1. Any idea which residue in region 1-15 is nearest to Ser74 (Cα to Cα), counting only those that are touching a residue at least 60 places away in the same chain (Cβ under 8 Å) and either within 15 Å of the ligand (Cβ to nearest atom) or assigned to a helix (DSSP H, G or I) (or both)?
2. Inspect all residues belonging to region 139-146 and state whether any of them is in contact with a Cys (Cβ under 7 Å, 6 or more places away or on another chain), modelled with pLDDT of 95 or more, among the small types (Gly, Ala, Ser) and over 20 Å from Ala15 (Cβ atoms).
3. State whether one or more residues within region 49-57 are free of Cβ contacts under 8 Å to residues at least 24 places away in the same chain, more than 14 Å from the ligand (Cβ to nearest atom), farther than 20 Å from Ser111 by Cβ and surrounded by 12 or more Cβ atoms within 10 Å (Cβ to Cβ).
4. Find all pairs meeting these conditions: Cβ atoms under 7 angstrom apart; at least six residues apart or on different chains; first residue within region 146-168 and without any contact (Cβ under 8 Å) to a residue 60 or more places away in the chain and farther than 15 Å from Ser31 by Cβ; second residue hydroxyl-bearing (Ser, Thr, Tyr) and part of a loop (DSSP other than H, G, I, E, B).
5. Given the criteria touching a residue at least 60 places away in the same chain (Cβ under 8 Å) and assigned to a helix (DSSP H, G or I), does His18 qualify?
6. Which of the numbered conditions does Arg2 fail, given that it passes all the others? Conditions: (1) under 28 Å from Ser140 (Cα atoms); (2) under 17 Å from the mean Cα position of the chain (by Cα); (3) of a type outside the set (A, V, I, L, M); (4) surrounded by fewer than 19 Cβ atoms within 10 Å (Cβ to Cβ).
7. Does Val62 count as within 12 Å of the ligand (Cβ to nearest atom), among the β-branched types (Val, Ile, Thr) and either assigned to a helix (DSSP H, G or I) or in contact (Cβ under 8 Å) with a residue 24 or more places away in the chain (or both)?
8. From the list Gly143, Gly72, Gly77, exactly one residue is of a type outside the set (D, E, K, R), within 27 Å of Arg2 (Cβ to Cβ) and touching an Asp or Glu at 6+ places or on another chain (Cβ under 8 Å). Which is it?
Amino acid sequence: MRIREARVDDVEKIAGIHVASWQSTYKGIISETYLSNLTIESRVKNWLWTFNNLNDFEKVFVAETEEGNIVGFSNGGRSRYHEYKHDGELYAIYLLKNYQRLGIGRMLFRSVVESLKENGCTSMMLWVLENNPAVSFYKSLGGRSIGRKTITIGGDRLVELAIGWDSL
Ligand SMILES: CC(C)(COP(=O)(O)OP(=O)(O)OC[C@H]1O[C@@H](n2cnc3c(N)ncnc32)[C@H](O)[C@@H]1OP(=O)(O)O)[C@@H](O)C(=O)NCCC(=O)NCCS
């Protein structure tokens with residue numbers, strides 16, 4: 001497994017992982033209707049927009065097998081939440097279900113952290129749904145709860161936690 005910076009021609013693969021991982025991760029958390037209506041085509045559009053509008057030091061990384069199959073991605077950059085003192089943000093990290101709990105998430109996480117540090121960031125935050133087992137992943141990597149808010153997805157009110165690392 002290797003982690004490399006993503007290229008714009010990876011968007012189809014990234015979008016496919018995004019949809020599959022949302023559907024497996026958020027089953028029972030986000031409404032079935034919302035999840036079944038997610039499409040790779042609309043995610044491709046979102047990811048193309050992301051690649052064309054990367055902020056100052058935003059990076060996208062992919063995890064790729066020796067055979068060249070992309071199985072996960074991470075994305076981070078400057079924090080978008082100025083109410084928190086943390087200057088970097090992990091925007092997204094998703095792996096296909098069959099590749100979870102093998103240490104790949106930790107590698108994708110570290111790639112974002114290293115890139116933030118290279119760009120002068122000293123801290124980092126992210127948002128995660130309270131019921132997502134990924135909360136334990138972030139806590140095992142030293143994150144701590146720094147805030148919470150209620151959001152609406154597919155008509156359901158859900159609680160998101162802000163997790164922060166005061167020092168990278
Ligand atoms: C969250 C995610 C990126 C973590 O990556 P991963 O490769 O599965 O995690 P790792 O194998 O690197 O785990 C590192 C440590 O985190 C902790 N951890 C990871 N997943 C966990 C889980 N589901 N429950 C409890 N602890 C967990 C463990 O301490 C683990 O170490 P261990 O396996 O030696 O016990 C991955 O599971 C994933 O893509 N999940 C679905 C999508 C998602 O929820 N993304 C986050 C959205 S905010």
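1. Ile3
2. Taking every residue of region 139-146 in turn, none turns out to be in contact with a Cys (Cβ under 7 Å, 6 or more places away or on another chain), modelled with pLDDT of 95 or more, among the small types (Gly, Ala, Ser) and over 20 Å from Ala15 (Cβ atoms).
3. No - not one qualifying residue is present in region 49-57.
4. From region 146-168, the pairs are Ser167/Thr122; Ser167/Ser123.
5. Working: touching a residue at least 60 places away in the same chain (Cβ under 8 Å): yes; assigned to a helix (DSSP H, G or I): yes.
So His18 passes the test.
6. Condition not satisfied by Arg2: (2).
7. Answer is no for this residue.
8. So the residue among Gly143, Gly72, Gly77 that is of a type outside the set (D, E, K, R), within 27 Å of Arg2 (Cβ to Cβ) and touching an Asp or Glu at 6+ places or on another chain (Cβ under 8 Å) is Gly77.
The values are calculated or read from the model by the stated rules, or taken from the named source; none is laboratory data. Keep in mind that this is a model prediction, so the values were computed, not measured. When we count neighbours, we look across all protein chains shown, and the Cβ atoms used for this are built from the backbone with ideal geometry, even at glycine.
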